[in-house]
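Take a look at the structure below.
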Amino acid sequence: MPVSRRTLLGSLGAATATGLAGCIGGGGGSDAAARVGMVYATGGLGDGSFNDQAQTGIVRAEEDLSIAYDESQPESTSDFGTLQQQYAQSSDPDYDLVCCIGFLQADALTENASQYSDQQFMIVDSVVDASNVGSYVFAEHEGSFLVGLMAGRLTTTSFSAGAGSTAGDSTNVGFVGGVESDLIKKFEAGFTAGVKYASDDVDVQTAYVGGFNKPAAGQEAAISMYDSGADIVYHAAGNTGTGVFQAAQEAGRFAIGVDRDQSVTKSSYSDVILASMVKRVDNAVYSSVEDVVNDEFQGGSVTTLGLEQNGVEAVFGQDLGGDVPQEVKDEMSTARDDIIAGEISVPTDPNQVS
Amino acid sequence: MSDADREWVDTVRQRLIALGQTSAGERVLIAASALALSVFVGTIIVFVAGLVATCRDPVLTMGGTTLCYDPFFVFDRLFLGALGDPLAGGWSPLNPQFALTLRETTVLVFTGLSVALAFRAGIFNIGTQGQLVVGGLLSALTVLWAAPLLSGGLGAVLLVPLGVTAGAVGGGAYGAIPGALKAYAEANEVITTIMLNFVAVLVTRYLVTGPFGDPNSQANQTPPLPEVGQFPSVVFDPRTDFSLFALLLAFVFVGGLYYLLAYTAFGYDLRTAGIQPTAAEYGGVDAARTIVASLTLSGAIGGVGGAVYVMMILGKFQTGVPSYGFDGITVSILAGNNPLGVVFAAALFGVLKSGSTVVAFATNVPPQLVGVLRGLIILFVAMPEFFRLVGRRLAAGQEETGAAAVGGGADD
């Protein structure tokens, strides 16, 4: 396509967007240190997980760094490009950074990043190779390793707390994944490696239910795991995990949450949630905004947030955390230090778990 | 039933029949008043919601109470925003927001036509969504397969028509299944088409996660289509993902379908089968053949909608296709199942869809509330049309029993 026409129409588009934004006015004020546009993932705000966590980060940035932000929730994946463009085109207010939450935005962003080369973007959970995009990915396998280690230790002992207990003679734990993809496999690989690190004798049952919003399927998968002897099931399956928690309550066993401290966000299940592998999406958002405010934003860089950067962490459940034996906690914190020091290397592919 | 009750029922019946006889001008007037009424009700809802909600920067503060959303501004954004602010200076029809409106309209014209055609044959095709999904995937796969074979100028000329054809074949074949089941096994098409929607979504998801997936992407999608395999953007900014060619294609389908229904023997068979199947069969219409043919054609149009979605908007096939097919049902009802009306109904939907993104961008109104407003508008505008169709049915029924001689029974 000829470049001249694109530039002409591009400036035309920007002009209309100016007119549009001119009517909006107000809101936030022009004295803000920076102005940020948020484009969330399709689950929308109120998911108690990924998007809410991202919002926590921008709210914290608003308080600490006195920036202003606007947010948009797409209805479907075909909206991503449109919403990204709306922020990129707008010149009143002018957005210093557009945060794209979730890997599904990667394709639309790849296109928009080259079209709007003077707009800064950041993306969470995926890598977009463009000089104006900062990519933030997480070392989910590292955090999963720690909860795996905990599960492996607890299943081999007789442990009871809250509404659950483990059978001392059973050496069996489970993993329920949402969609079988490279991303979710990182959780599985880390978890399995952690379990095997605790003890080679413990078996890990795994199941992928094929969706992140299928509590019934998650419940079914978890019930069959508990029935065949699993004491603790870890899920990386979004809202599907709610079914895992239900199954844990029915079976009187334990579960491990993901993304946020689910003993808080799903507090009705806090009597079976031992811990959660928290993904600090908020830290990714916050640090990208901080970089923009300090004029240190690195376009084209890929930031991996692991245990060292507090990008992922194992957080104990608010009710059951106190019951987890101190020696298990100590072992987890030693393992954490070892992973950061590079003495333990955690695989990202379940097939590489020895 | 008491006399008073019977009288009441009779009054309602007469009113409905009278509604069925309204002229085109009256119908436009009714639709306009319904629109105005829905905006009025919506304004109240936004106002109340704005009083209840808590927000960072309220638009109005009166003592202790704050108003979070400005209802007038919301509707201003919803309608004028969707058109790219025609009242502000320097408006150009080529603005990106208007392009988005047209883009949504284009796909909805196809799905609306698909449902309308089946409706006219007396078949309730709820499966347009599935037919669109299957057509979309088949067109993406066909273009990806053919692109390396057709090089240079040949590809630019042939790939898009090839993709559209593949979409039509895929959607048509997928529509033929419930058609055959209805015609030869007396399976209710409402049930089969709904169930086949799930089959389509799950099978295509399997295909794009596994065999046909893009190995370079975490998303469940096919590899991206080459530039020549997508609808070329003319006049409009290529970034808007809108092509006038696709809109023209939609208009060609509108005209073609109008002609087919009004002026061909097949269209006549189809309409009579829709109004009175037994009489049609008595008159020599092959009922089974008509059912299969109309559902196949309906599916094919839905499939072309899928091809347009894939080749114009997304540039690949990806799971999580928006509910164009289901919106097509409402578009069709709104249009009174008339192919020409589908254009206007789809345009209203397009404005609402595109306007919602402007509202989301310009205000802090949550998308759920915008969804409520959209639903209200559609409900208000569609209901008179729905009752009009009921009135026509009633009038047709009375004619048969000879109780009253009012108007023709055919839907237009």
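The values are calculated or read from the model by the stated rules, or taken from the named source; none is laboratory data. Here the structure is a predicted model, which is why all the values come from computation and not from measurement. Positions of Cβ are backbone-derived with ideal geometry, glycine not excepted, and every protein chain shown enters the neighbour counts. Surface areas here come from the heavy atoms of the whole protein model, side chains and all, with no ligands, DNA or RNA. Shrake-Rupley method; radii C 1.70, N 1.55, O 1.52, S 1.80 Å.
For this structure, a couple of remarks:
- Against the criterion of being open to solvent by less than 40 Å² (accessible area, probe 1.4 Å) and out of contact with any Lys or Arg (no Cβ under 7 Å at 6 or more places or on another chain), B:Gly306 qualifies.
- Checking A:Asp70 against (1) over 30 Å from B:Pro232 (Cα atoms); (2) more than 24 Å from the chain's Cα centre (by Cα); (3) within 9 Å of chain B (Cβ to nearest Cβ); (4) at pLDDT 85 or above, the condition it does not meet: (2)
- Number of residues in the stretch B:226-245 that are open to solvent by less than 50 Å² (accessible area, probe 1.4 Å), outside any helix (DSSP H, G or I) and within 12 Å of chain A (Cβ to nearest Cβ) equals 7.
Here's the yes/no breakdown for (1) open to solvent by less than 10 Å² (accessible area, probe 1.4 Å); (2) aromatic (Phe, Trp, Tyr); (3) outside the structural domain of B:Ala156 (by TED's automatic domain parsing); (4) at pLDDT below 90:
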residue	(1), (2), (3), (4)
B:Ala250	yes, no, no, no
B:Gln276	no, no, no, yes
B:Tyr282	no, yes, no, yes
B:Ile291	no, no, no, no
B:Met311	yes, no, no, no
B:Leu334	no, no, no, yes
B:Ala346	yes, no, no, no
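- Qualifying residue in the stretch A:141-157 (condition: part of a loop (DSSP other than H, G, I, E, B), over 23 Å from the mean Cα position of the chain (by Cα), touching a residue at least 24 places away in the same chain (Cβ under 8 Å) and in the same structural domain as A:Asp70 (by TED's automatic domain parsing)): no
- Unmet requirement for B:Ile45, which otherwise passes all of (1) in contact (Cβ under 8 Å) with a residue 24 or more places away in the chain; (2) more than 13 Å from chain A (Cβ to nearest Cβ); (3) over 28 Å from the mean Cα position of the chain (by Cα): (3)
For every residue, the table says whether it meets (1) touching a residue at least 60 places away in the same chain (Cβ under 8 Å); (2) open to solvent by 70 Å² or more (accessible area, probe 1.4 Å); (3) over 26 Å from A:Glu71 (Cα atoms).
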{"site": "B:Ser33", "(1), (2), (3)": "no, no, yes"}
{"site": "B:Val52", "(1), (2), (3)": "no, yes, no"}
{"site": "B:Thr65", "(1), (2), (3)": "no, yes, no"}
{"site": "B:Arg77", "(1), (2), (3)": "yes, no, no"}
{"site": "B:Ala82", "(1), (2), (3)": "yes, no, no"}
{"site": "B:Gly90", "(1), (2), (3)": "no, yes, yes"}
{"site": "B:Pro93", "(1), (2), (3)": "no, no, yes"}
{"site": "B:Gln97", "(1), (2), (3)": "yes, no, no"}
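- Qualifying residue in the stretch A:181-190 (condition: among the aliphatic types (A, V, I, L, M), over 22 Å from A:Leu146 (Cβ atoms) and within 14 Å of chain B (Cβ to nearest Cβ)): no
- Test: B:Val235 is touching a residue at least 40 places away in the same chain (Cβ under 8 Å) and more than 20 Å from A:Thr110 (Cβ to Cβ): yes
- Filtered residues of the stretch B:313-332 (kept if open to solvent by less than 30 Å² (accessible area, probe 1.4 Å), more than 12 Å from B:Val107 (Cβ to Cβ) and either over 16 Å from the mean Cα position of the chain (by Cα) or within 14 Å of chain A (Cβ to nearest Cβ) (or both)): B:Gly315, B:Lys316, B:Phe317, B:Gln318
- Residue satisfying all of: in the stretch B:119-148; outside any helix (DSSP H, G or I) and over 28 Å from B:Val190 (Cα atoms); nearest to the chain's Cα centre (by Cα) among these: B:Ala147
- Residue match in the stretch A:80-97 (condition: facing chain B (nearest Cβ under 9 Å), open to solvent by 30 Å² or more (accessible area, probe 1.4 Å) and farther than 22 Å from A:Arg280 by Cβ): no
- Some residue of the stretch A:230-246 being part of a loop (DSSP other than H, G, I, E, B) and modelled with pLDDT of 90 or more: yes
- The condition of being surrounded by 14 or more Cβ atoms within 10 Å (Cβ to Cβ), within 14 Å of the chain's Cα centre (by Cα) and in contact (Cβ under 8 Å) with a residue 60 or more places away in the chain holds for only one of A:Val292, A:Val272, A:Val312, that being A:Val312.
- Lone qualifier among B:Asp269, B:Asp286 - being away from every other protein chain (no Cβ under 14 Å), over 16 Å from the mean Cα position of the chain (by Cα) and farther than 27 Å from B:Gly391 by Cβ: B:Asp286
- Inter-residue pairs, beta-carbon under 6 Å, first in the same structural domain as A:Gly148 (by TED's automatic domain parsing) and in the stretch A:320-331, second surrounded by 15 or more Cβ atoms within 10 Å (Cβ to Cβ) and among the charged types (D, E, K, R), 6+ apart: A:Val328/A:Arg153
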